[in-house]
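The values are calculated or read from the model by the stated rules, or taken from the named source; none is laboratory data. Bear in mind that the values here come from a model prediction, so they are computed numbers and not experimental data. No Cβ is skipped: glycine too gets one built from the backbone with ideal geometry, and neighbour counts run over all protein chains shown. Note: areas computed on protein heavy atoms with side chains; ligands, DNA, RNA excluded. Shrake-Rupley method; radii C 1.70, N 1.55, O 1.52, S 1.80 Å.
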Amino acid sequence: MKHTYISTVVRSLLILLTAQLFPLVSCADNADNVPRQIPLSRVSVIPLPQTLIHGAGNVVLPQQVSVSTGLTGMSATLLKETLTAVIGGAPAEATNEQAFIRVFTDNTLPEEGYRIQVDETGCNLYYRTQEGLLWGVQTLRQIFLQHKVADDDTRSIPMLILTDSPQKTWRGFHLDVSRHMFTPEFLKKVVDCLSFYKINKLQLHLNDDQGWRVEIRKYPELTTIGGWREFDEYDKRCIELAHTDRTYEIDPRFVRNGNEYGGYYTRDELKDLIAYATARGIEVIPEIDMPGHFSSAIRAFPFLSCTGEAGWGNEFSWPVCTGQTDNYSFYTDIIDEVADLFPGRYFHIGADEVEKDNWKVCPHCQALIREKELMNVDGLQNYFVKHMADYVRNEKGKQVMAWDDAFIARDPQDLLYTYWRDWLADQPGKITQQGLPIVFMEWGRFYLSAAPSDRHLKSLYEFEFGPQFPGVVQSNVVGFQACVWTEMIPNERKFGQHVFPALQAFSEVAWGSERDWGGFTTRLPWHLGWLTQNGFYSRTPDFIN
């Protein structure tokens, strides 16, 4: 995952710009109008750009930084908010020629690429697409937030030349809100943080055995009944641990009657969150997990299961009865409402960890296996997944995602697979060699819900495919995704301790930065401070103490 090349065009441009930039001495006029040198400071950008060359010194910021009128939309809003915080007053607007911060389109850049040049005249930001512009602005925000303050209270930023673009288009973050929830306001804060680090996908795990979290107008019982549970084993364990460690306290906003946990997100809340994320370059992807992990719905609608009730098998919960095809309209009704609520391109249908024992003895399931010549219960699962995937694809116009559990080599489906089961190390190779795409998120490193440690952080940061994952066709790996399951993450503080600074490490893996552990640990402290300033909890690694 290292950048080993720079195009001839970019290299020539860098040589030219460097020759112009490095001899310059950043200066400002003092009382005698005599230029004075401003020592160079360096920025700690995460994810690390493709190339970053610092100049000879710093350039002093004007008392009122002006921003080009050509910068509009959310990119302009975010940058102006940052400049207001840095300078202490709202920035001015000026024409592109007169502004301190100028923007230019450059169609030679990659799709999400951008280039920044800071010299004594100001700052130029070059971009090709609105995504590239946004990521360039997020880097500019990091640069300006790390400004240097002199004894005379002047503020300066380093002269530099920076070129950047991601290696992969998918840089995702998966959050389970079924086991434990977070308020819409906190989810917006998470979105701000994801965008700051150029993460562009947010997958919400909206249902599981422990709770149903999305309002479905046709079936309100999904939330009034399925959205609540009596404290389960994980809740009780958190309560026990909280006696000596308050970071395990269950958020009381999601507790009722002293022993029930639950809640859900209304359609309006989700619409608002989706719009907020979309404006910040993030597609929000819904996941409705089925046919397994569906107990919260079965509690509300017992006829969905083979037995007429919710229950638990040897390892996982009893799934829906896939042999009762009359119930398929129930699932497509849910898909209709959720797909219409989430306007993005993708829809995840789950299909992981299906306990199939009930299907082996269910007359409906066995009859369908015989009728459709499905061979066995694996074929039955494949039939159900294909039916739902075809509906999502053909009726809702979405690209369908599923966990890699849904991949059956003898009859593979055209899905975007989220690969997680690292004990099946040859699975990514098998999927990608058939020309099928995967999002890579194996649980050994990319599951941030694991016990946080410096060892896990470094292992994530230094991830490479080989030799653990042989035969992967990397051109069919669309990108990477970090994953947070919340059984033992019952509040925002515990969330922060698990996610940060692992998210910063993940962002460099996902973006495709040239990775150097020592350099990362040097750049990390500023970002831990930024998290604290923005109301996030985090874990301070031992190497920073």
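Whether any residue in the stretch 242-251 is of a type in the set (S, T, N, Q) and touching a helix residue (DSSP H, G or I) at 6+ places or on another chain (Cβ under 9 Å) is what I want to check.
yes
Exactly one of (1) farther than 19 Å from D352 by Cβ; (2) open to solvent by less than 50 Å² (accessible area, probe 1.4 Å); (3) outside any loop (DSSP other than H, G, I, E, B) is unmet by G471. Its number?
Here G471 meets the rest and fails (3).
Touching a residue at least 24 places away in the same chain (Cβ under 8 Å) and open to solvent by 30 Å² or more (accessible area, probe 1.4 Å): is that true of E287 in this structure?
So E287 fails the test.
How many residues does the stretch 510-545 hold that are out of contact with any helix residue (DSSP H, G or I) (no Cβ under 7 Å at 6 or more places or on another chain) and either under 15 Å from L460 (Cβ atoms) or of a type in the set (D, E) (or both)?
Count: 6.
Only residues that are in contact (Cβ under 8 Å) with a residue 60 or more places away in the chain and part of a strand (DSSP E or B): list them for the stretch 58-85, please.
Those that are in contact (Cβ under 8 Å) with a residue 60 or more places away in the chain and part of a strand (DSSP E or B): N58, V59, V60.
For the stretch 86-135, enumerate the residues that are free of Cβ contacts under 8 Å to residues at least 40 places away in the same chain and either in contact with an Asp or Glu (Cβ under 8 Å, 6 or more places away or on another chain) or of a type in the set (D, E) (or both).
E93, E97, A99, D106, Y126, Y127, R128, T129, G132
Would you check if there is a residue in the stretch 361-382 being under 27 Å from L202 (Cβ atoms) and assigned to a helix (DSSP H, G or I)?
The answer is no, given that none of the residues of the stretch 361-382 is under 27 Å from L202 (Cβ atoms) and assigned to a helix (DSSP H, G or I).
How about the stretch 203-298: which strands (runs of 3 or more DSSP E) wholly inside it have at least 2 residues that are in contact with a Lys or Arg (Cβ under 8 Å, 6 or more places away or on another chain) and of a type outside the set (A, V, I, L, M)?
Working: elements: 228-230, 260-262, 283-290.
Of the strands (runs of 3 or more DSSP E) lying wholly inside the stretch 203-298, those with at least 2 residues that are in contact with a Lys or Arg (Cβ under 8 Å, 6 or more places away or on another chain) and of a type outside the set (A, V, I, L, M) span 260-262.
Kindly indicate whether any position in the stretch 528-538 is part of a helix (DSSP H, G or I), in contact (Cβ under 8 Å) with a residue 40 or more places away in the chain, on the phi < 0 side of the Ramachandran plot and crowded, with 16+ Cβ neighbours inside 10 Å.
Yes, the stretch 528-538 contains at least one residue that is part of a helix (DSSP H, G or I), in contact (Cβ under 8 Å) with a residue 40 or more places away in the chain, on the phi < 0 side of the Ramachandran plot and crowded, with 16+ Cβ neighbours inside 10 Å.
Identify, please: which residue in the stretch 427-452 is of a type outside the set (A, V, I, L, M) and open to solvent by 40 Å² or more (accessible area, probe 1.4 Å) and is, among those, nearest to A510 (Cα to Cα)?
Only one residue tops the list, namely W443.
Would you please name the residue that is most open to solvent (accessible area, probe 1.4 Å), looking only at residues in the stretch 392-426 that are over 23 Å from N376 (Cβ atoms) and among the charged types (D, E, K, R)?
E395
Within the stretch 321-329, is there a residue that is within 30 Å of L134 (Cα to Cα), among the β-branched types (V, I, T) and open to solvent by 30 Å² or more (accessible area, probe 1.4 Å)? Walk me through it before giving the result.
Going through the stretch 321-329, the residues within 30 Å of L134 (Cα to Cα) turn out to be none.
No, the stretch 321-329 contains no residue that is within 30 Å of L134 (Cα to Cα), among the β-branched types (V, I, T) and open to solvent by 30 Å² or more (accessible area, probe 1.4 Å).
Quick one: count up the residues across the stretch 343-358 that are surrounded by fewer than 22 Cβ atoms within 10 Å (Cβ to Cβ), under 31 Å from the mean Cα position of the chain (by Cα) and not acidic (D, E).
The number of residues fulfilling the criteria is 4.
For the stretch 398-463, which fully contained strands (runs of 3 or more DSSP E) count at least 3 residues that are more than 19 Å from the chain's Cα centre (by Cα) and free of Cβ contacts under 8 Å to residues at least 12 places away in the same chain?
It comes to none.
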